[in-house]
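Novice: I'd like to ask you about the structure that follows.
The values are calculated or read from the model by the stated rules, or taken from the named source; none is laboratory data. Computed from a predicted model, the values in this text were never measured in an experiment. Ideal geometry is used to build each Cβ from the backbone, glycine not excepted, and the neighbour counts take in all protein chains shown. Surface accessibility is based on the protein's heavy atoms, side chains included, excluding ligands, DNA and RNA. Shrake-Rupley method; radii C 1.70, N 1.55, O 1.52, S 1.80 Å.
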Amino acid sequence: MEEVPREAPHTPAPEAAAPGAGEGTVTETLITVDSPDSMRELGRRIAGLLRPGDLVLLTGELGAGKTTLTRGLGEGLGVRGAVTSPTFVIARVHPPLGDGPALVHVDAYRLGGGLEEMEDLDLDVSLPESVVVVEWGDGKVEELSDDRLHVVIARAVGHEEVLDDVREVAVRGIGTRWAGAADGLAGLAERVAR
């Protein structure tokens, strides 16, 4: 894995420093992704680690690759429907084509409040039998689960210019669910096609 500096203004503080329960166990893997196809492949690989009840938070600036990663998650989970940005509908449910979980894809960008404002989405009802992926969910949905996967995508910089397609992706497993999957998370970096 290549060391690529991250663009500091868009990189949030480490998850372990954020308030909330269940954050004592944090497992993190850093991955350099060099193209949209590689971002999608990372999503497919992460999907292989997911199971019903998992909450995934995606953080990154506009155009960082959150929806591209979610497309890969949908492909890996084998769900119906094209995964597109749910910005204007807030949430989309993609039912499984087989025996796997549904994918609930949420874009919390336009929602200003915390979990209270998102209660109408019934995410707590969907979570036990689905994989819930929330873009822009920082500070809004962490209370849904003590165990969650937080994926932070940052544009890579080098020699004082942004490297167009290169992203530095931090995949953080928070809680006991992800402490048990530390080897799987660590293996993501080795398996992403570059």
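Novice: Just to verify a result, which residue in the stretch 36-94, among those that are out of contact with any Leu (no Cβ under 8 Å at 6 or more places or on another chain) and among the hydroxyl-bearing types (Ser, Thr, Tyr), is nearest to Ala154 (Cα to Cα)?
Specialist: Checked the stretch 36-94; the qualifying residue nearest to Ala154 (Cα to Cα) is Thr59.
Novice: Show the residue pairs that are 6+ apart or on different chains and have beta-carbon atoms under 8 Å apart, the first residue being within the stretch 130-149 and basic (Lys, Arg), the second being assigned to a loop (DSSP other than H, G, I, E, B).
Specialist: Short answer, once both residue conditions are applied: Lys140/Ala108; Lys140/Leu111; Lys140/Gly113; Lys140/Gly114; Arg148/Asp54; Arg148/Gly175.
Novice: Among the residues of the stretch 88-99, count how many are in a strand (DSSP E or B) and either out of contact with any strand residue (DSSP E or B) (no Cβ under 9 Å at 6 or more places or on another chain) or modelled with pLDDT of 90 or more (or both).
Specialist: Step one: filter the stretch 88-99 for residues in a strand (DSSP E or B), giving 91-94, 96.
Now drop any that are not either out of contact with any strand residue (DSSP E or B) (no Cβ under 9 Å at 6 or more places or on another chain) or modelled with pLDDT of 90 or more (or both), which leaves 96.
Residues flagged as in a strand (DSSP E or B) and either out of contact with any strand residue (DSSP E or B) (no Cβ under 9 Å at 6 or more places or on another chain) or modelled with pLDDT of 90 or more (or both) within the stretch 88-99 amount to 1.
For (1) part of a helix (DSSP H, G or I); (2) open to solvent by 10 Å² or more (accessible area, probe 1.4 Å); (3) modelled with pLDDT of 95 or more; (4) in contact with a strand residue (DSSP E or B) (Cβ under 6 Å, 6 or more places away or on another chain), each residue gets a yes or a no:
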site	(1), (2), (3), (4)
Thr27	no, yes, no, yes
Arg44	yes, yes, yes, no
Gly63	no, yes, no, no
Glu75	yes, yes, yes, no
Pro86	no, no, no, yes
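Novice: Which one is nearest to Arg177 (Cα to Cα) among residues in the stretch 52-61 that are in a strand (DSSP E or B) and open to solvent by less than 10 Å² (accessible area, probe 1.4 Å)? Talk me through it step by step, then tell me what you get.
Specialist: First pass over the stretch 52-61, keeping only residues in a strand (DSSP E or B): 55-59.
Within this subset, residues satisfying the condition of being open to solvent by less than 10 Å² (accessible area, probe 1.4 Å) are 55-58.
Numbers: Leu55: 11, Val56: 12, Leu57: 15, Leu58: 18 Å.
Applying the filter and picking the extreme gives Leu55.
Novice: Follow-up. Would you confirm whether or not the stretch 9-22 contains a residue that is open to solvent by 10 Å² or more (accessible area, probe 1.4 Å) and modelled with pLDDT of 90 or more?
Specialist: Looking for residues that are open to solvent by 10 Å² or more (accessible area, probe 1.4 Å) and modelled with pLDDT of 90 or more, one finds none in the stretch 9-22, hence no.
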